[in-house]
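Data first, discussion second: the structure below is written as structure tokens.
The values are calculated or read from the model by the stated rules, or taken from the named source; none is laboratory data. This structure is a prediction, so every number in the text was calculated from the model and none was measured. Cβ: placed from backbone, ideal geometry, glycine included. Neighbour counts: every protein chain shown.
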Amino acid sequence: MSAKQKTKQRDLSSDSSKSGSSKNDSSVGDVKDTSPASDKVFNKYGMAAEIVNTVLKEILAELKVDAEIGQLCSRGDARILELTSNLFKREKNVQKGIAMPTCISIDNCVCHFSPLRSEPPVLLKEGQVVKVDLGAHVDGYIATAAHTVVIGANRDNKVTGKKANVIVSAYNVMEMVLRMLKPEKNFKNVEISEKMGKLAKIYETTPIENMLSHNIERFKPVGDKQIIQNPGDEQKSKSEKCTFETFEVYTIDVLISTGEGKSKTSDARTTVFKKTDDMVYNLKLKASRSFFHEAQQKFGSMPFSIRDFEDEKVAKVGSTECAKHDLMQPYPVLYEKEGDYVAQFKCTAIIMPNGIYKITGIPLDNAILKCDVKIDNNEFLGLLNEPLKPKKKKGGVGEKEKEVNNKEIENNLIKEKKKEEVEKNVETKKEEKKENKGEKLEVKKEMPKKKNVENKQKKKEG
């Protein structure tokens, strides 16, 4: 999301509060503590992260020559829905699903390319720079990630030149930002923005103007604390300074270009939308009302692609009217200049008392990259070489660490499933016991009757 989009969204929310509004999705559910200080919340972030990492790896593995982008986007969304649907099956009030639809943007396309099924197929070609962006949520706790690769690259066919430089630049900028989130460093968001530009410049690259990294909260994909990369004059004047605190969660989204860092829309159709918080308008078209209702039911406050609607015609008409009257916020497809390349890396990070937990994202495969740029700035080198979490002291006793790794998240998922099975078995046994008790009571009631009848017959005979 760009800073301009975020500013517009904030202005719309302000206007709607004057005219009357609907209930915000962030109020869904009854949760006392929505910060990762709670083990339950921390694990839900972890569950969403595991799904995101799994699906991201699957889609990256399918990025080959002649693969169709639209089909890959549909596959990514379907997998997110499949994996999230396996969680909390017995708890009907727990919402889960897509938090960012699968977008696959190539070369100078900056972001949000998620074509419709009805559009002409776009096939991948050898040597293209491809960005995959997607996200999931569990009970409103969001995890997103993005990764950049080059089609056909391997150890024998390494990525070189501008392509290698922009990929390494974007990845290292993201890693630097993560380390600057540590509360004890006391960095302000504006300082981070400045250093992002300086590190990118070493690789002869430029951050895409006005793109946001930001905090996230339950059912809130974009929070109020922002890091604007390469801010324009307007964004600089509107940007609010902030620092970073323990138990905050951030989406670090870095987009770097080999060009000037200016992005603009093209003729590509906007397919990604998000319901605007607290806006009210009486839609005129029946198709628009149907679309808006379905979008609310399926996705709530999360971004989605109209590709995931069964009737694309209704979705196209509905999304147009909804966006026109600010009920839906569009995520336009943006482009750099033709001939330039854009790389994107995105991760979800949790600030804990004992360090930064990067819960989504895939490590950069340096074995297939040949980047000749060397960093000689000691400050940047120091930050990039710094561990996200301090090493444990031998024999030391401190706060219990919350480690996030694939194995632990997998175990959490297994525990949830086992818990559901145990609860199901307990309920079944209770029902069986009730049935058995009922049968015994009936037998006991019948027995005295038989004895009384027999006694009466004996008296008559006597």
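Checked against (1) in a strand (DSSP E or B); (2) of a type outside the set (Ser, Thr, Tyr); (3) free of Cβ contacts under 8 Å to residues at least 60 places away in the same chain, GLY223 meets all criteria but (1). Against the list (1) free of Cβ contacts under 8 Å to residues at least 60 places away in the same chain; (2) out of contact with any strand residue (DSSP E or B) (no Cβ under 7 Å at 6 or more places or on another chain); (3) closer than 23 Å to THR205 by Cα, the condition GLN128 fails is (2).
Taking the conditions exactly as written (charged (D, E, K, R) and under 30 Å from GLY197 (Cα atoms)), does GLU338 satisfy them or not? Answer is yes for this residue. The set of residues in segment 376-388 being part of a loop (DSSP other than H, G, I, E, B) and either surrounded by 14 or more Cβ atoms within 10 Å (Cβ to Cβ) or in contact with a strand residue (DSSP E or B) (Cβ under 8 Å, 6 or more places away or on another chain) (or both) consists of GLU386, PRO387, LEU388.
Out of all the residues in segment 60-69, is one or more charged (D, E, K, R) and at pLDDT below 95? Within segment 60-69, not a single residue is charged (D, E, K, R) and at pLDDT below 95. Regarding GLY152, is this residue part of a loop (DSSP other than H, G, I, E, B), farther than 30 Å from CYS242 by Cα and free of Cβ contacts under 8 Å to residues at least 40 places away in the same chain? No: the conditions fail for GLY152.
A single member of LYS346, LYS316, LYS337, LYS324 is touching a strand residue (DSSP E or B) at 6+ places or on another chain (Cβ under 7 Å) and of a type in the set (Lys, Arg), and it is LYS346.
Among the residues making up segment 158-197, those that are outside any loop (DSSP other than H, G, I, E, B), in contact (Cβ under 8 Å) with a residue 12 or more places away in the chain and of a type in the set (D, E, K, R) are LYS162, LYS163, GLU175, ARG179, LYS195.
State the number of residues belonging to segment 114-129 that are buried (at least 23 other Cβ atoms within 10 Å of the Cβ) and either closer than 30 Å to ASP156 by Cβ or modelled with pLDDT under 95 (or both). Result for segment 114-129: 1.
Conditions: (1) surrounded by fewer than 17 Cβ atoms within 10 Å (Cβ to Cβ); (2) of a type outside the set (A, V, I, L, M); (3) at positive phi; (4) in contact with a Gly (Cβ under 7 Å, 6 or more places away or on another chain). GLY161 meets all but one. Number of the miss? If we test GLY161 against (1) surrounded by fewer than 17 Cβ atoms within 10 Å (Cβ to Cβ); (2) of a type outside the set (A, V, I, L, M); (3) at positive phi; (4) in contact with a Gly (Cβ under 7 Å, 6 or more places away or on another chain), just (4) comes out false. Does PHE273 count as within 30 Å of TYR45 (Cα to Cα) and either surrounded by fewer than 20 Cβ atoms within 10 Å (Cβ to Cβ) or without any contact (Cβ under 8 Å) to a residue 24 or more places away in the chain (or both)? No. Looking only at segment 271-301, residues that are acidic (Asp, Glu) and in a helix (DSSP H, G or I) come to 1 in all. Here LYS324, LYS346, LYS358 are screened, and the one residue that is closer than 30 Å to GLY300 by Cα and free of Cβ contacts under 8 Å to residues at least 24 places away in the same chain is LYS324. Taking segment 331-344 as the range and being out of contact with any Leu (no Cβ under 8 Å at 6 or more places or on another chain) and either buried (at least 19 other Cβ atoms within 10 Å of the Cβ) or aliphatic (A, V, I, L, M) (or both) as the test, the residues that pass are TYR331, PRO332, VAL333, LEU334, TYR335, GLU336, ASP340, TYR341. When GLU234, GLU204 are screened for being assigned to a loop (DSSP other than H, G, I, E, B), over 22 Å from the mean Cα position of the chain (by Cα) and either surrounded by fewer than 17 Cβ atoms within 10 Å (Cβ to Cβ) or without any contact (Cβ under 8 Å) to a residue 40 or more places away in the chain (or both), only GLU204 passes.
Here ASP133 meets the list (1) assigned to a strand (DSSP E or B); (2) over 26 Å from the mean Cα position of the chain (by Cα) almost entirely, failing just condition (2). Restricting to segment 81-96, and then to whatever is surrounded by 19 or more Cβ atoms within 10 Å (Cβ to Cβ) and among the aliphatic types (A, V, I, L, M), can you tell me which residue is modelled with the lowest pLDDT? Here the residue is LEU87.
For ALA99, the requirement of being of a type in the set (Gly, Ala, Ser), touching a His at 6+ places or on another chain (Cβ under 6 Å), at pLDDT 95 or above and in a strand (DSSP E or B) is met.
With respect to the numbered conditions (1) surrounded by fewer than 23 Cβ atoms within 10 Å (Cβ to Cβ); (2) farther than 21 Å from ASN186 by Cα, which one is the sole condition not fulfilled by GLY261? Here GLY261 clears every test but (1).
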